[in-house]
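Below: the structure, in structure tokens.
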Amino acid sequence: MCGDIFGPSIDTPYITQKVEESAYHFGNPWNYTATNVVLPNGGYDPWSALGSKVKRMEIHQIAVTTPRAAHCSDMYPTRKGEPPGLESTRTIIQLEVDYYFTPNTINNNT
């Protein structure tokens, strides 16, 4: 698909090389060490290949993938016909944000 849109030079080897360069520059998402963060991905999101799928509950690093959802789908208001997993993803995000703002948990995992 990228080659159809951007031309024949944007092929699988080129994309693979750029993903490797991004991982080298920004660090592998598998080694991500941030705390108190939700990392949502959509199953149809082309950027999800660069995202973390690692869950580290003890430091509140939550990765969640919503099947059949697009990039940033979890950020939009609920709509009729949206992928069924979005409601669950939004609930996970809301519960984590609530946790972050609970006074007795502030700075416990930073």
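Would you mind computing Rg(Cα) / (2.2 N^0.38 Å) for segment 1-54, counting N as its residues?
Against the empirical 2.2 N^0.38 Å value, I get 1.34 for segment 1-54.
Angle, helix 12-26 long axis vs. longest principal axis of the chain, Cα atoms, 0 to 90°, nearest 10?
40 degrees
Would you calculate, for the chain, the mean residue ellipticity at 222 nm contributed by helices, counting each DSSP H stretch of 4 or more residues as -39,500 (n - 2.57) and dividing by all residues, to the nearest 500?
Taking each H run of at least 4 residues, the total per residue is -10000 deg cm²/dmol.
Can you give me the long-range amide H partners of LEU39? Hydrogens built in the peptide plane at 1.01 Å from N, cutoff under 5 Å, separation of 5 or more residues or another chain.
ILE62, ALA63, VAL64
At 37 °C and 0.692 mPa s, what whole-number value in µm²/s does Stokes-Einstein give for the translational diffusion of the chain, with Rh from the Kirkwood sum over Cα pairs?
207 µm²/s
Could you point to the residue in VAL54, GLY27, ILE10 farthest towards the positive end of the chain's charge dipole, with +1 and -1 charges on the Cβ of Lys/Arg and Asp/Glu respectively?
Farthest along the dipole direction, towards plus: VAL54.
Please list, in order along segment 74-90, the HN-Hα scalar couplings obtained from phi with the Karplus expression 6.51 cos²θ - 1.76 cosθ + 1.60 (θ = phi - 60°), rounded to whole Hz, x for Gly and Pro.
Here the 3J(HN,Hα) series is 5, 8, 8, x, 4, 9, 5, x, 6, x, x, x, 5, 4, 5, 4, 5 Hz.
All of the numbers you see were taken from the coordinates with simple rules; none came from a lab. Everything quoted here is computed from the prediction, not taken from an experiment. Don't worry about glycine lacking a Cβ; one is built from the backbone with ideal geometry, like all the others, and counts go over all protein chains shown.
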